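Some notes on the structure that comes next.
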Amino acid sequence: MERAAFALVLLCLASPVHAVEATVSAAQISRFRNIDLDQPIDKLIFRGGMTLQSPDDTFGGLSSVTQTGDNQRIAFVTDRGHFVSGQLAYDEADRLFGFIGVTIEPIQNSSGQPLPRQYARDAEGMDTIWRDGVPVGVRVGFEHLTRVADFSVTDGRPGGAAREVPIPQWLTDLRTNESIESVCIAPPASPVAGSTILITEEALDADGNHRGEMLGINDKGPFTYVNSPIVNPTDCAFLPNGDLLVLERGVSLFSFVMNLRRVRAEDVQPGVLMRGELLLSAQGPEIDNMESLMVHQSPGGEWRILMGSDNNFNGWQRNMILEFALQE
């Protein structure tokens with residue numbers, strides 16, 4: 001009996017990883033910086049948002065977000081090593097009101113098993129790999145045990161065994177929680193189409209700017225991103241025209257600060273110092289620990305900029321999503 005029980009334990013440990021369903025409730029956000037819906041804020045237009053709550057203790061720590069299919073299918077990665085997949089729900093006015101059909105699944109290593117320890121689980125950046133308009137995988141960047149890996153996408157849900165993506169040695173050597181923070185893949189309109197952009201949180205060069213790396217066939221090599229006071233880059237995403245958006249986050253006087261900047265498409269290339277035009281800035285109770293960034297089309301066809309927060313699994317922080325549109 002003891003041998004049989006031990007064999008059963010081994011079988012369970014070796015069995016495939018399965019996703020679990022999670023119930024997520026939402027509360028809509030209709031004002032931002034004391035400004036109403038559909039009104040301009042800095043260089044954007046506020047389109048609403050929501051806060052998310054779940055009784056599932058694995059829901060939280062939402063570090064990056066990407067679109068993974070049609071009908072508003074998206075997925076987050078968490079800093080405790082999970083994919084959180086689901087569908088954004090919109091009302092008749094084209095406003096966010098829910099996150100439905102949510103599943104939570106452990107991120108796997110190359111052997112198809114859940115990542116063995118927290119040091120390896122800290123996923124911070126993610127973007128989708130598209131082929132002929134179809135999502136075929138996601139590319140994920142990790143801190144602490146610094147690495148980049150690809151995962152399959154099935155029915156809008158990332159998963160499966162990790163497939164390592166080679167990165168330069170200087171990135172591999174950054175064994176801290178301030179290494180790879182932002183991962184995004186350039187769209188067809190970009191001069192560096194198909195290249196992966198990696199931006200570090202606080203790995204600085206001799207001039208005090210954030211080090212980055214571009215992974216591509218024709219466009220590859222290091223670059224830097226301008227370091228701004230208080231804030232650090234936390235995620236990136238491309239607009240359809242190839243312009244690069246960078247979300248920045250920091251803390252000032254015990255409150256969170258965020259900036260959203262746009263780098264022109266022609267300035268996104270190896271060997272340059274990237275500078276971004278400020279599109280939006282906020283701080284205080286209007287925001288939280290903003291770490292996720294995504295560009296997508298709403299059901300009504302408008303291109304939206306979605307920003308989300310990482311609650312760090314703290315009761316006093318929020319899982320928040322905000323949506324904006326460009327003024328032009």
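The values are calculated or read from the model by the stated rules, or taken from the named source; none is laboratory data. Please read all numbers here as calculations on a predicted model, not as lab measurements. Every residue, glycine as well, gets a Cβ built from its backbone with ideal geometry; the counts of neighbours run over all protein chains shown.
Couple of notes before you dig in:
- Residue satisfying all of: in the range 211-239; of a type in the set (Val, Ile, Thr) and part of a strand (DSSP E or B); farthest from Ala193 (Cα to Cα) among these: Val231
- Phe6 being at pLDDT below 95 and either assigned to a strand (DSSP E or B) or of a type in the set (Phe, Trp, Tyr) (or both): yes
- Single residue of the range 218-262 satisfying the filter (of a type in the set (Gly, Ala, Ser) and touching a strand residue (DSSP E or B) at 6+ places or on another chain (Cβ under 8 Å)) that is farthest from Ser179 (Cα to Cα): Ser255
- Screening the range 138-187 for residues that are among the hydrophobic types (A, V, I, L, M, F, W, C) and in a loop (DSSP other than H, G, I, E, B) and picking the one that is surrounded by the fewest Cβ atoms within 10 Å (Cβ to Cβ) gives Leu145.
- Evaluating Ser190 against the criteria (1) in a helix (DSSP H, G or I); (2) touching a Leu at 6+ places or on another chain (Cβ under 9 Å) leaves one unmet condition, (1).
- Any hit, the range 254-275, residues being over 27 Å from Arg211 (Cα atoms) and in contact (Cβ under 8 Å) with a residue 12 or more places away in the chain: no
- Candidate set: the range 240-295, residues that are among the polar types (S, T, N, Q) and assigned to a strand (DSSP E or B); chosen: the one modelled with the lowest pLDDT: Ser252
- On the stretch given as the range 238-271, residues that are surrounded by 15 or more Cβ atoms within 10 Å (Cβ to Cβ) and farther than 22 Å from Arg33 by Cβ total 11.
- Residue selected from the range 81-97 under the condition surrounded by 19 or more Cβ atoms within 10 Å (Cβ to Cβ) and not hydroxyl-bearing (Ser, Thr, Tyr), by the criterion farthest from the chain's Cα centre (by Cα): Arg95
- When Phe313 is tested against the conditions (1) within 18 Å of Glu124 (Cα to Cα); (2) crowded, with 18+ Cβ neighbours inside 10 Å, the lone failure is (2).
- If the condition is being surrounded by fewer than 20 Cβ atoms within 10 Å (Cβ to Cβ) and either in contact with a Leu (Cβ under 8 Å, 6 or more places away or on another chain) or touching a residue at least 60 places away in the same chain (Cβ under 8 Å) (or both), then the range 107-133 contributes Asn109, Gly112, Gln113, Pro114, Tyr119, Ala120.
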